[in-house]
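*Asks:* Mind having a look at this structure? Questions to follow.
The values are calculated or read from the model by the stated rules, or taken from the named source; none is laboratory data. Since the structure is predicted, the reported quantities are computational estimates derived from the model, not experimental observations. Positions of Cβ are generated from backbone atoms using ideal geometry, with glycine treated the same way; all protein chains shown enter the neighbour counts. Accessible surface areas use protein heavy atoms only, side chains included; no ligands, DNA or RNA. Shrake-Rupley method; radii C 1.70, N 1.55, O 1.52, S 1.80 Å.
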Amino acid sequence: MANSGTRQAAGPSSHISALDANQSHRGRGSYYADDDSVVSSNVSEIGGPGDIGSSSNDDDGNRSGSRDPEVVTLTRAVVTDVENANVNEHPNERQSGILPRSRREWCFVFLAILLILAVALGTGLGLGLSFMNKDSSTSSGKEERTVGVGQSAGSPNTEPTQSPSVGWPTFSPSSTPNDNTSPSATSLSPVMVNDLASAIEYHVIAQEISNIASFPEMSDGGDPTTMSAQEKARDFLVFRDYLPLTIMDEEDDVPNNPKGGGNDDPLAIRNNDLNQQRKPYLTTATSAYRVAQRFATAVLYYATDGDNWETNQLWLEPGVHECNFIGVTCEEIAVPSVTLEEALESPNELPHHDDPEFDSTMEQMIVAIDLPENNIAGSLPQEIMALPYMRRLALWSNAVGGSLPTQLGRLTRLTGLHMDDNMLEGNIPRQIGQMSELTDLYLQFNRGIAGRIPAELGNLAKLERLRLSNMSLRGPVPTTLGKLANLVDLSLQDNRLGRSLPAELGNLTNLESMLLNGNIFTGGIPVSWKSLGKLKRLELQYNELELDMDEWVCPLRKNAPEGSGLLKVMKADCKGDEPRVACSCCTECFSYFVS
């Protein structure tokens, strides 16, 4: 009993001593729940599982003969966790707390690395392709003249393909960019007809309305100060020329139309509702001749500084028919029934505007442009030839400069060309001789026009008035002018024309006025001129002529029938004591001395 009492008295003290010993050991081994090395050492010190529950005497008297239940339970749980974990990592790695501890965690790390590599590879490929496309687009714009969507010029019979870059057809000119000659249609590549900008460019170049040099940079909405008139016209037609969606169509004119009528005034519709939906004014289904006509008027506007005209009402107003532009006159004319898309498919087979064998459609086509004294500057563009039905071009008393385009000769219906009193330069194009219907050719008061009178003007069989005065023409008067049987007015004064007067002018039996003053003609008047029975006005002053008009000219005038007006006005260098011309019947005499 004494022994038992001793144990009972020592029980609480033993329990406290065991806890103190355990705590002391934790301090030495720094034991934590995740430190397996320390757990193992503690387990060894405490004893294996077989020792739990066994009694032993503490030689030092600091430990009791039986272990505390709480310590036993904790120790058993730790041993079980260590055995189940089967962890074989190096202690240094476990202590770092960074590297994975199991095969499953290593799998997750490996998959994450693969995902990162895949994202990096995809990003790199995307950026690479982007830069390659950008470089391809840039080099295409610099190394090739681009005018639309298509393929190389060397394969005209292949199907058109969409360009991957700027969206214009490509063209490889056979000549240098400074060569203004128009390329043939066969040197151009086909075009995607659903691209209106490309379609317009290809059409006007293929039909030689414009040349490739007119489109130096294929820009859409670029700097307007550096764009050509042709580029500005193209951009207007593509980007700004729209109709309100509610504009009246042809079917709106049909009586009892279930769809109802509509407004045909685009300005009224646009002004009433600025949020109107829009539709393109031109499409690839529009008549090819109409597209070319609207393009030509737009080029004319930009090439002659249309923004500064005195009057430019309705010019280039989006959705307004060009026939409503101020100064423009139109008529409904049968034109070849060819759409822009069809013209692009066979550019070399576009029917002539006067082809009677081709199916036709009625269109409003321009027959006259009258804009005199309107502060028009710039130069007359060659695109004017895209108005093949025009009969009169009157831009007199403006400031139009440059030379007359040779393409004027293709306006075979033109009857009146009134470009007098401008600032034109260069020579008179011989192609004007192709204007078989021309009756009035007024180019006077253009001091910049020099050179000789083209002999081809003699082909203008219907010409009635030829006014080439106050210019800088030189050389002889071409004898071919004697073929102008319908000529009634010949004005060649104030030039540098010389040599003898051609006898062939005596064939102009309908001539009523001939002004040759202010030149350097020599010799006398040909006898063949006696046949000029309708001549009412003859001016020969300020020349180097030496003749006696009393010999036969004055008798001709005196013997003229009453009221015929024959030689009603006669002027010559007949003044002074020793005049160069003897003329007792002249209405006015002048003194002219050659130094």
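*Asks:* Within the range 312-332, which residues are assigned to a strand (DSSP E or B) and surrounded by fewer than 17 Cβ atoms within 10 Å (Cβ to Cβ)?
*Replies:* First pass over the range 312-332, keeping only residues assigned to a strand (DSSP E or B): 328-332.
Listed by number, the residues that qualify are Thr329, Glu331, Glu332.
*Asks:* Tell me, please, whether a residue that is under 30 Å from Ile449 (Cβ atoms), in a loop (DSSP other than H, G, I, E, B) and at pLDDT below 95 can be found in the range 554-564. Spell out the reasoning first.
*Replies:* Of all residues in the range 554-564, those under 30 Å from Ile449 (Cβ atoms) come to none.
No, the range 554-564 contains no residue that is under 30 Å from Ile449 (Cβ atoms), in a loop (DSSP other than H, G, I, E, B) and at pLDDT below 95.
*Asks:* Follow-up question, since we're still on this one. For the range 249-271, state whether one or more residues are open to solvent by less than 40 Å² (accessible area, probe 1.4 Å), of a type outside the set (Phe, Trp, Tyr), at pLDDT 55 or above and in contact with a helix residue (DSSP H, G or I) (Cβ under 8 Å, 6 or more places away or on another chain).
*Replies:* At the first step, the residues of the range 249-271 found to be open to solvent by less than 40 Å² (accessible area, probe 1.4 Å) are 252, 257, 260, 262, 266, 268-269.
Restricting the remaining residues to those that are of a type outside the set (Phe, Trp, Tyr) gives 252, 257, 260, 262, 266, 268-269.
Retained after the next criterion (residues that are at pLDDT 55 or above): none.
Checked the range 249-271: no residue is open to solvent by less than 40 Å² (accessible area, probe 1.4 Å), of a type outside the set (Phe, Trp, Tyr), at pLDDT 55 or above and in contact with a helix residue (DSSP H, G or I) (Cβ under 8 Å, 6 or more places away or on another chain).
*Asks:* Right, here's the next one. Which pairs do you get when a residue that is under 12 Å from Ala229 (Cα atoms), found in the range 201-218, comes within reach of a residue that is modelled with pLDDT of 90 or more and in a loop (DSSP other than H, G, I, E, B), reach meaning Cβ atoms under 7 angstrom, with the pair 6+ apart or on two chains?
*Replies:* Ser214/Ser228; Phe215/Ser228; Pro216/Ser228
*Asks:* What tally of residues in the range 491-507 results from selecting those that are assigned to a loop (DSSP other than H, G, I, E, B) and open to solvent by less than 50 Å² (accessible area, probe 1.4 Å)?
*Replies:* So the first thing to find is which residues in the range 491-507 are assigned to a loop (DSSP other than H, G, I, E, B), and the list is 492-495, 501-502.
From the residues that got through so far, the ones that are open to solvent by less than 50 Å² (accessible area, probe 1.4 Å) too are 492-493, 495, 501-502.
Residues flagged as assigned to a loop (DSSP other than H, G, I, E, B) and open to solvent by less than 50 Å² (accessible area, probe 1.4 Å) within the range 491-507 amount to 5.
*Asks:* Restricting attention to the range 317-353, and to residues there that are of a type in the set (D, E, K, R) and within 22 Å of the chain's Cα centre (by Cα), which single residue is nearest to Asp370 (Cα to Cα)?
*Replies:* Here is the first cut: in the range 317-353, the residues of a type in the set (D, E, K, R) are 317, 322, 331-332, 341-342, 345, 349.
Subset that is within 22 Å of the chain's Cα centre (by Cα): 317, 322, 341-342, 345.
Values: Glu317: 18, Glu322: 14, Glu341: 32, Glu342: 33, Glu345: 35 Å.
Among them, the one singled out is Glu322.
*Asks:* Hey, another quick one. Would a scan of the range 502-521 turn up a residue that is in contact with a Phe, Trp or Tyr (Cβ under 9 Å, 6 or more places away or on another chain), farther than 20 Å from Glu464 by Cα and among the aromatic types (Phe, Trp, Tyr)?
*Replies:* No, the range 502-521 has no match at all.
*Asks:* So, in the range 459-514, of the ones that are of a type in the set (D, E, K, R) and under 41 Å from the mean Cα position of the chain (by Cα), which residue ends up farthest from Glu437 (Cα to Cα)? Break it down into steps so the answer makes sense when it comes.
*Replies:* Of the range 459-514, the ones of a type in the set (D, E, K, R) are 462, 464-465, 467, 474, 483, 489, 494, 496, 499, 504, 512.
Subsequent filtering for residues that are under 41 Å from the mean Cα position of the chain (by Cα) retains 462, 465, 467.
Details: Lys462: 6, Arg465: 13, Arg467: 17 Å.
Going through the qualifying residues, I end up with Arg467.
*Asks:* Take the residues in the range 454-472 that are in a strand (DSSP E or B) and touching an Asp or Glu at 6+ places or on another chain (Cβ under 9 Å); name whichever of them is nearest to Leu424 (Cα to Cα).
*Replies:* First, the residues of the range 454-472 that are in a strand (DSSP E or B): 465-467, 472.
Then keep just the ones that are touching an Asp or Glu at 6+ places or on another chain (Cβ under 9 Å); that gives 465-467.
On the way: Arg465: 20, Leu466: 17, Arg467: 15 Å.
Checked the range 454-472; the qualifying residue nearest to Leu424 (Cα to Cα) is Arg467.
*Asks:* Moving on to the next point. Of the conditions (1) in contact with a strand residue (DSSP E or B) (Cβ under 8 Å, 6 or more places away or on another chain); (2) within 20 Å of Met514 (Cα to Cα), Asn470 fails just one. Which one is it?
*Replies:* Result: Asn470 passes all but (1).
*Asks:* Restricting to the range 425-448, name every residue that is touching a residue at least 40 places away in the same chain (Cβ under 8 Å), within 20 Å of Ala399 (Cα to Cα) and not aromatic (Phe, Trp, Tyr).
*Replies:* Ile428, Gln444, Gly448, listed by residue number.
*Asks:* To continue, here is another question. Among all residue pairs at least 6 apart or on different chains, which show Cβ distances below 8 Å where the first residue, located in the range 294-313, is over 16 Å from Asn398 (Cβ atoms) and the second is among the polar types (S, T, N, Q) and open to solvent by 20 Å² or more (accessible area, probe 1.4 Å)?
*Replies:* Val299/Gln230
*Asks:* Output the strands (runs of 3 or more DSSP E) that fall wholly within the range 335-445 and possess 3 or more residues being open to solvent by 50 Å² or more (accessible area, probe 1.4 Å) and touching a strand residue (DSSP E or B) at 6+ places or on another chain (Cβ under 7 Å), or say none.
*Replies:* Details: elements: 360-370, 392-394, 416-418, 440-442.
Strands (runs of 3 or more DSSP E) meeting the threshold: 360-370.
*Asks:* Scan the range 335-381 residue by residue and report those that are among the small types (Gly, Ala, Ser), modelled with pLDDT under 95 and under 18 Å from Arg410 (Cα atoms).
*Replies:* To start, the set of residues in the range 335-381 that are among the small types (Gly, Ala, Ser) comprises 337, 343, 346, 360, 368, 377-379.
Filter again for modelled with pLDDT under 95, leaving 337, 343, 346, 360.
Those that are among the small types (Gly, Ala, Ser), modelled with pLDDT under 95 and under 18 Å from Arg410 (Cα atoms): none in the range 335-381.
Condition check ((1) closer than 28 Å to Leu463 by Cβ; (2) open to solvent by 50 Å² or more (accessible area, probe 1.4 Å)) across all residues:
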{"position": "Thr509", "(1), (2)": "yes, yes"}
{"position": "Gly518", "(1), (2)": "yes, no"}
{"position": "Val527", "(1), (2)": "yes, yes"}
{"position": "Arg557", "(1), (2)": "yes, yes"}
{"position": "Pro561", "(1), (2)": "yes, yes"}
{"position": "Val569", "(1), (2)": "yes, no"}
{"position": "Arg580", "(1), (2)": "no, yes"}
